[in-house]
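What follows is a single structure, written as structure tokens, with notes after it.
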Amino acid sequence: MRRPVIAANWKMNHGPTEARAFMAAFLASYSPRQDRTVAIFPPALSLTTIRDALAARRDVLLGVQNIHGAAKGAFTGENSAPMARDAGATLVLVGQSARRRVFGEPDESTAKKCALALQYSVTPMLCVGERIEQRDRHETEDVVVRQLRAGLPLLSKKAIASVLIAYEPVWAIGTGRTATPADASAVHDVIRRELKSLCASSDAAAEIPILYGGSVTRDNAKSLLAAPGVEGLLVGGASLDAASWSAIACT
Ligand code: PEP
């Protein structure tokens, strides 16, 4: 198996002071490893704190949780791709379920954000996933395929091969209810198939890491990561405590 990508999404938690303390504890317990890629998506206000904490640790990547669809302008309260890059981020979450559900972001804005991010050397991690009622109606496949097609149309076939995908069933995010490894594998398989049709070649599509997210904990991380087609984890709540996150990062 290729090296997994294990990523923390802190959501709206850990400002600069907490982020500094967290990084001191985490880096003391997590040594660089060649067999995985670890990334942290803090709130934008904590980006430079973490960038500074990582000055001597290039093994841990930094990402921003959201960007605006424009590079600059009169968008009070927003952050842009070039600003995030300047603050040390090389990754960005696009279409995470809170953005879609709580902030009402439509599919079209995920496309703009993916394109703009890449223009500024920030790699998008496009998040897709169905709501519980869609799952109950057996629409999971349709939903994730639609979200993939909607998020990637502004990218060349070559550029699509450089993104990351996170499958995050909405009903599993922050609920304590996790997809079974078999469920995750089945949806990752659908995503992989769709990526093959969107990329220049099957080989290029096979290189795109597909992460699972939704109530991952130190107890279930191993079995989820062992599921066929699951090439990483996107972890919310369980990434907020340095000991728990360190255990998951070492899974
Ligand atoms: C998330 O916010 O992306 C997430 C997966 O959260 P949690 O792990 O808390 O379900």
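The values are calculated or read from the model by the stated rules, or taken from the named source; none is laboratory data. These figures come from a predicted structure and were not determined experimentally. Every residue, glycine among them, receives a Cβ derived from its backbone with ideal geometry; neighbour counts consider all protein chains shown. Just so you know, the surface numbers come from the protein's heavy atoms only, side chains and all, with ligands and any DNA or RNA stripped out. Shrake-Rupley method; radii C 1.70, N 1.55, O 1.52, S 1.80 Å.
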**Prompt:** Within the stretch 180-217, can you find the residues that are in contact with a helix residue (DSSP H, G or I) (Cβ under 7 Å, 6 or more places away or on another chain) and polar (S, T, N, Q)?
**Reply:** Ser202, Ser215, Thr217
**Request:** Name the strands (runs of 3 or more DSSP E) wholly inside the stretch 1-120 in which the number of residues that are out of contact with any Cys (no Cβ under 8 Å at 6 or more places or on another chain), more than 16 Å from the ligand (Cβ to nearest atom) and within 30 Å of Cys250 (Cβ to Cβ) is 2 or more.
**Result:** 60-64
**Prompt:** Is it the case that Tyr120 is open to solvent by 50 Å² or more (accessible area, probe 1.4 Å) and touching a helix residue (DSSP H, G or I) at 6+ places or on another chain (Cβ under 9 Å)?
**Reply:** yes
**Request:** Go through the residues of the stretch 170-182 one by one and say whether even a single one is away from the ligand (no atom under 16 Å from the Cβ), farther than 24 Å from Arg99 by Cβ, in contact with a Lys or Arg (Cβ under 7 Å, 6 or more places away or on another chain) and in contact (Cβ under 8 Å) with a residue 24 or more places away in the chain.
**Result:** no
**Fill in**
Residue pairs within 7 Å by beta carbon, gap of at least six or interchain, first lying in the stretch 1-22 and of a type in the set (Gly, Ala, Ser), second assigned to a helix (DSSP H, G or I) and open to solvent by less than 10 Å² (accessible area, probe 1.4 Å), listed first then second, are Ala8/Ser239; Ala8/Trp245; Gly15/Ser46; Ala19/Ser46; Ala19/Ile50
**Prompt:** Which of the residues that make up the stretch 98-112 are within 16 Å of the chain's Cα centre (by Cα) and either among the aromatic types (Phe, Trp, Tyr) or open to solvent by 10 Å² or more (accessible area, probe 1.4 Å) (or both)?
**Reply:** Ala98, Arg99, Arg100
